[in-house]
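Just below is one structure, and these are the notes that go with it.
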Amino acid sequence: MLEVLIGSELKEEFRMRMLDLGGSGLISSEIALGVMRITKLDHQGAVKLLESAHNAGVNFFDNADIYDGGHAEEVFGAALKDASFDRSDVLVQTKVGIVDHRYDFSKQHILEAVDASLARLGTDYVDSLLLHRPDPLMEPDDIAEAFLQLQNSGKVRQFGVSNFNPMQVELLQQAVPQRLIANQLQLSIMHTGMIDFGLHTNMSDPRSVNHDGGILEYSRMAGMAIQAWSPYQYGFFEGVFIDNPKFPELNKLLHELADKYNTNVNAIASAWILRIPGDIQVIAGTTNADRIAQIAEADQAPLTAQEWYDVYFAAGNDLP
């Protein structure tokens, strides 16, 4: 990984690590800002959020055309225009493919969706485009034509997927000429199915069930980045586990580790994800300008292997 020193106002020795996202040449901060909830902010609040993230070393912003019916892209685009940094200084990602009560990966929809997203974002291109949740009716050759047209027109630099299993990735990859660089997947201390399955290989307990097709190991072998969404949530948008009284043992340990590393619990929860080997990026979906700065301290907590396992156990997991 590449490293850059940021912000003299931050703690001494703190560095935001940068990664070559999926080997694509997109040099990205390992902490990204997800802007799904940015519509909760007014214009000035949105500008402040983006600038706070950028000041903390974040140069990657994740969006989707489905977020608040496209309004999130509009709010983000307006804030980006008025931010103190240039569009060329950051990487912008969006996702397409979800329509009313179904998914649509047809060539026509992908092309039209990207044009609509670019108009809302107020930019001529996105650095990365993901297909948002797998469509069982997808025709890989149709998608390949759309991707090629988007790349040749300069509207999209790189491509990836979201919530795909390994065989779905392979099905698409054998058709598209571009290497798929990222897969956005739910991953957090309280959502560890892709880890549990590997640990419980050859067992018959509930954690041995393979829900993800070995996506963690596949991603490392393919050199494909995992973008961890809902990194501080438990369940499926049930709530945040940090400082939640439902999880006393976990939060006690998170605070102890935060004290040890002179940082905060948001940074520790992020550091736990980033401690997993491979190309991992945390998509932090906060709208709190102070919290994104806290999350960006993740590299200040180089968790040991034992500490990583201790957090895993405190979350209610075990070993066979």
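The values are calculated or read from the model by the stated rules, or taken from the named source; none is laboratory data. Note that the coordinates shown come from a computational prediction; the quantities given were computed from them, not determined experimentally. Glycine gets a Cβ as well: all are built from the backbone with ideal geometry, and neighbour counts include every protein chain shown. Please note that ligands, DNA and RNA were not included when accessible areas were found on the heavy atoms of the full protein model with its side chains. Shrake-Rupley method; radii C 1.70, N 1.55, O 1.52, S 1.80 Å.
Based on the alpha-carbon gyration tensor of the stretch 9-102 and its eigenvalue square roots a ≥ b ≥ c, which shape applies: rounded if a/c is under 1.5, prolate if not and a/b is larger than b/c, or oblate? Since a/c reaches 1.5 but b/c is at least a/b, the shape of the stretch 9-102 is classed as oblate. Which listed residue (GLN178, ASN288, ALA144) has the Cα farthest towards the positive end of the charge dipole for the stretch 18-315, taking +1 on Lys and Arg C-beta and -1 on Asp and Glu C-beta about the Cα centre? Sorting the options by dipole projection puts first ASN288. Prolate is the label for the stretch 203-303, because a/c, from the alpha-carbon gyration tensor with a ≥ b ≥ c as root eigenvalues, is 1.5 or above and a/b exceeds b/c. Here the Gaussian network model covers the chain, with springs between Cα atoms less than 10 Å apart; of GLN158, GLN233, GLN44, GLN44 fluctuates the most. Charge dipole of the chain (Cα centre as origin; +1 on each Lys and Arg Cβ, -1 on each Asp and Glu Cβ, all else neutral): 80 debye, rounded to the nearest 20. Set the Cα radius of gyration of the chain against 2.2 N^0.38 Å, with N its number of residues, and you get 0.97. If you add up the charges near ARG87, with Lys and Arg at +1 and Asp and Glu at -1, over every other residue whose beta carbon is less than 11 angstrom from its beta carbon, what do you get? Here the charged neighbours net out to -3.
Between LEU91 and PHE60, PHE61, the built amide H atoms are under 5 Å apart, and every one of these is 5 or more places off in sequence or on another chain. Each Lys or Arg adds one and each Asp or Glu takes one away; over the other residues whose Cβ falls under 14 Å from the Cβ of VAL265, this sums to -4. Dividing the summed helix terms, -39500 (n - 2.57) for each DSSP H run of n ≥ 4, by the number of residues in the chain produces a 222 nm estimate of -11000 deg cm²/dmol to the nearest 500. Think of a 1.4 Å ball rolled over the protein heavy atoms: the stretch 66-207 then has 44 Å² of accessible area per residue. Applying the Karplus relation 6.51 cos²θ - 1.76 cosθ + 1.60 with θ = phi - 60° to the stretch 283-299 yields 3J(HN,Hα) values of 9, 8, x, 7, 10, 9, 4, 5, 5, 5, 5, 5, 4, 5, 7, 3, 6 Hz, where x marks Gly and Pro.
What does the accessible area per residue of the stretch 277-320 come to in Å², with a 1.4 Å probe and no ligands, DNA or RNA counted?
Value returned for the stretch 277-320: 38 Å² of accessible area per residue.
Taking 0.36 nm per residue of separation and subtracting the current Cα-Cα distance, fully stretching the chain between ASP318 and ASP259 would add 18.7 nm. Computed with a 1.4 Å probe over protein heavy atoms only, the accessible surface of the stretch 213-267 comes to 48 Å² per residue. Summing +1 for each Lys or Arg and -1 for each Asp or Glu among the other residues whose beta-carbon sits under 14 angstrom from that of LEU118 gives -1. For the chain, what is the percent of antiparallel DSSP beta bridges, rounded to the nearest 5? Looking only at bridges with both residues in the chain, the antiparallel portion is about 30 percent.
How about the stretch 233-265: which chymotrypsin sites (Phe, Trp or Tyr not before Pro) there are in a DSSP loop, with at most 15 other Cβ atoms within 10 Å of their Cβ? Sparse-neighbourhood loop chymotrypsin sites (Phe, Trp or Tyr not before Pro): PHE236, PHE237.
Residues whose amide H comes within less than 5 Å of that of ALA225, counting only those at least five positions distant or on another chain, are GLY22, ALA182, ASN183 (H built at 1.01 Å from N in the peptide plane). Note on the chain: lysine pairs with Cα distance below 28 Å, sequence gap of 8 or more or different chains, count 17. With every protein chain in place and a 1.4 angstrom probe, the accessible-area ranking of ARG133, ARG102, largest first, reads ARG102, ARG133. Carbon and sulfur together cover what percent of the accessible area of the stretch 171-320 at a 1.4 Å probe radius? Carbon with sulfur: 54 percent of the solvent-accessible area.
Once you order the gyration tensor axes a ≥ b ≥ c over the Cα atoms, which shape class does the stretch 171-242 get: rounded for a/c under 1.5, otherwise prolate or oblate by comparing a/b with b/c?
It comes out oblate by the Cα gyration axes.
Accessible area per residue (1.4 Å probe, heavy atoms of protein chains only) ranks SER88, SER117 as SER88, SER117, with the largest value leading.
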